[in-house]
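Derivation of every value follows stated rules applied to the coordinates shown; laboratory data play no part. Treat the numbers as computed from the prediction; the structure is a model and nothing was measured. Cβ coordinates were reconstructed from backbone atoms using ideal geometry, including for glycine residues, and neighbour counts include every protein chain displayed.
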Amino acid sequence: MPSVLLITFPFFALVLCGYLAAWRGVLPQPAIPGLNAFVLYFALPCMLYRFGASTPIGQLLDPAVAGVYVLCALVMVGATVALTRNARIGWNDAAFGALVAAFPNTGFMGVPLLVALLGAQSAGPAIVTIVVDMVITSSLCIALSRLDGAGTHGVGVALKNAFRGMATNPMPWSIALGALASALQFKLPGPVDKTIAMLADAASPVALFTIGAVLARSQMNQHEQVPARDYVPVALAKLLVHPLLVWGAGTAAMALGVPLTPFALTVMVLLAALPSASNVSLLAEKFGANNGRVARIILVSTALAFLSFSAAVALLT
């Protein structure tokens, strides 16, 4: 465990640094969107492209990883909606609660953290899960969020907006370009490759710092009271139930002869053990859900993940 903490501590320490910087006013709130834009549109796409381009195409198109992960995501979403929707929490809030229960922070935190822990070969399964969460999990939850009439335009327009958001998101495009480069064995010219490498190297520290700043901003801007029973169980489900579900489904799949490797399953379980994705808070705000509840789920899962994720790493590696 101490050796694991030596690797995981800096990642969570950077999140804390960003949180404190925003909370104490060292980082002004108007500067946070700029940091987020740098990570989303420059640094992170470059990092994902490099991992995609250097990963064998077979690992990027692994149907066993995608199938098991999709199944677990659907179970998490369905169970969370069924158990949390009530007179106070309608379809809109239940759906976005389900999204933070099933969508780990793979892009900003998971890829660099698992590469540091397990090596570059862990990028392949991680990239597969990013695509699943962005295309399937997010679209499903956005569609579910429209079922109680919270939106004025219905499910069709909500899905159209979801697909438009994915089309303008640079992350899937960078993954696709990296996969294409891997398949064609394409190499960028030296100066361009160096530029991409410099931006990619900045992705991890800036992304982690930005996560902390975004969490602090969400807490500072929320004045409504949210009962702990509305967010703590969902945060615990993200950190405990989700990885156990992935482990159980993956183990059963291998027993049935599905060509899922033990290493890929380990990567998937550790990804599921990550805290909730911070960008879900932005989606919740856009679609009119209770962003205070979503932000608290993300904050609690991120704070607790320092110990729970480290324990998962110690158990599996």
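Estimated from the Cβ-Cβ distance and a Förster radius of 25 angstrom, the FRET efficiency linking Lys187 and Ala120 is about 0.90. Note on the chain: with charges restricted to the Cβ of Lys and Arg (+1) and Asp and Glu (-1), its dipole about the Cα centre is near 320 debye. Annotation for the stretch 66-150: trypsin sites (Lys or Arg not before Pro) lying in DSSP loop with at most 16 further Cβ atoms inside 10 Å of their Cβ are Arg88.
Note on Leu61 and Ala31: with the Förster distance fixed at 45 Å, the Cβ-Cβ geometry gives a FRET efficiency of about 0.70. Projected label points at Met220 and Asp201, each 7 Å from Cα along the beta carbon direction, are separated by 3.1 nanometres.
Summing charges over neighbours of Leu199, with a neighbour being any other residue whose Cβ is under 13 Å away from its Cβ, gives 0 when K and R count +1 and D and E count -1.
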